[in-house]
């Protein structure tokens with residue numbers, strides 16, 4: 001709509017920063033408007049200090065990796081198999097894995113109806129993003145940043161191409177190519193969280209995390225392992241256009257490619273939302289038409305992750321609603 005009103009380019013560019021995070025969308029599709037609304041409702045505008053380090057403390061009890069789900073055909077229920085081979089039998093199994101990993105990766109082919117498996121296979125998943133993490137010997141100095149900017153203001157920078165360049169980037173990644181102009185969202189969280197860098201040991205040091213897209217999950221030429229450093233260099237070069245001191249301040253980097261998101265974090269095809277947030281995969285069609293109420297064809301097996309309504313983002317809403325569905329079903333069985 002901004003294009004229709006002939007809004008100046010500098011005004012038109014900025015909305016992309018929130019509109020397309022993690023989205024595999026053509027810029028002018030209606031789904032992108034939904035993605036904007038989804039992310040606005042999710043945003044809390046806060047950084048959880050020591051959040052990652054506190055997680056093991058806040059979650060009571062041991063954590064194990066579930067590698068498989070097996071079906072008790074006599075009872076029509078699933079039970080979990082841990083990475084050490086231990087089998088845990090329960091009336092309820094709630095999967096926070098994405099639909100493809102749950103149904104196609106953890107259950108045997110014969111455990112589900114063939115048409116259901118076909119529908120799961122057709123879920124659009126290909127994720128468009130990566131992460132580049134940088135250890136810096138000094139704080140980024142952004143061109144045009146006001147001298148009196150607060151630490152919070154200095155922590156955030158979204159580097160987006162023009163709308164025309166963004167559309168071309170989308171097209172290039174559809175062909176399995178690295179785009180000419182990368183979309184990079186930078187967060188220097190050490191400006192507001194002094195637990196990330198021990199200033200007594202490394203004075204003046206900072207850490208920056210960069211969310212990058214549009215990137216293809218499958219490259220047309222070579223592999224992500226071959227091109228990891230190329231992506232890192234491209235991201236640093238782009239940041240250097242707006243914060244000229246950054247390229248010379250990089251002491252170390254760690255890049256998580258779309259392929260790493262799958263094989264390290266279990267996100268099928270690197271999709272951070274457990275399935276595209278497009279209009280064909282939302283509301284009563286998430287994850288599939290007829291199966292949007294958190295239950296599955298296997299009695300006692302439920303989904304509670306971002307692959308079910310209302311979708312991805314750090315909201316806890318899918319798990320909250322799924323838990324109510326599980327409790328309701330248990331009460332019904334108890335009579």
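Restricting attention to the range 88-143, the residues that are surrounded by 13 or more Cβ atoms within 10 Å (Cβ to Cβ) and part of a helix (DSSP H, G or I) add up to 13. With respect to the stated conditions, residue 152 is more than 22 Å from residue 274 (Cβ to Cβ) and out of contact with any strand residue (DSSP E or B) (no Cβ under 9 Å at 6 or more places or on another chain). Per this entry, residue 147 is not counted among residues that are buried (at least 16 other Cβ atoms within 10 Å of the Cβ), outside the structural domain of residue 299 (by TED's automatic domain parsing) and over 30 Å from residue 100 (Cα atoms).
Filtered by the rule that a residue be in contact with a helix residue (DSSP H, G or I) (Cβ under 8 Å, 6 or more places away or on another chain) and closer than 14 Å to residue 100 by Cα, the range 277-290 gives 287, 288.
Of the residues 111, 194, which single one is at pLDDT below 90 and not assigned by TED's automatic domain parsing to the domain that holds residue 308?
Only one candidate qualifies: 194.
What residue, among those in the range 286-306 that are outside any loop (DSSP other than H, G, I, E, B) and modelled with pLDDT of 90 or more, is nearest to the chain's Cα centre (by Cα)? It comes out as 303. Screening the range 69-79 for residues that are farther than 20 Å from residue 287 by Cα and in contact with a helix residue (DSSP H, G or I) (Cβ under 9 Å, 6 or more places away or on another chain) and picking the one that is surrounded by the fewest Cβ atoms within 10 Å (Cβ to Cβ) gives 73. Here residue 40 clears all of (1) at pLDDT below 55; (2) assigned to a loop (DSSP other than H, G, I, E, B) except the condition numbered (2). Report whether or not residue 319 is surrounded by fewer than 21 Cβ atoms within 10 Å (Cβ to Cβ), assigned to a helix (DSSP H, G or I) and modelled with pLDDT under 95. The answer is yes for residue 319.
The values are calculated or read from the model by the stated rules, or taken from the named source; none is laboratory data. This one's a predicted model, so the numbers in the text were calculated from it and none came from an experiment. Neighbour counts are summed over all protein chains in view; Cβ atoms, including those assigned to glycine, are modelled from backbone coordinates with ideal geometry.
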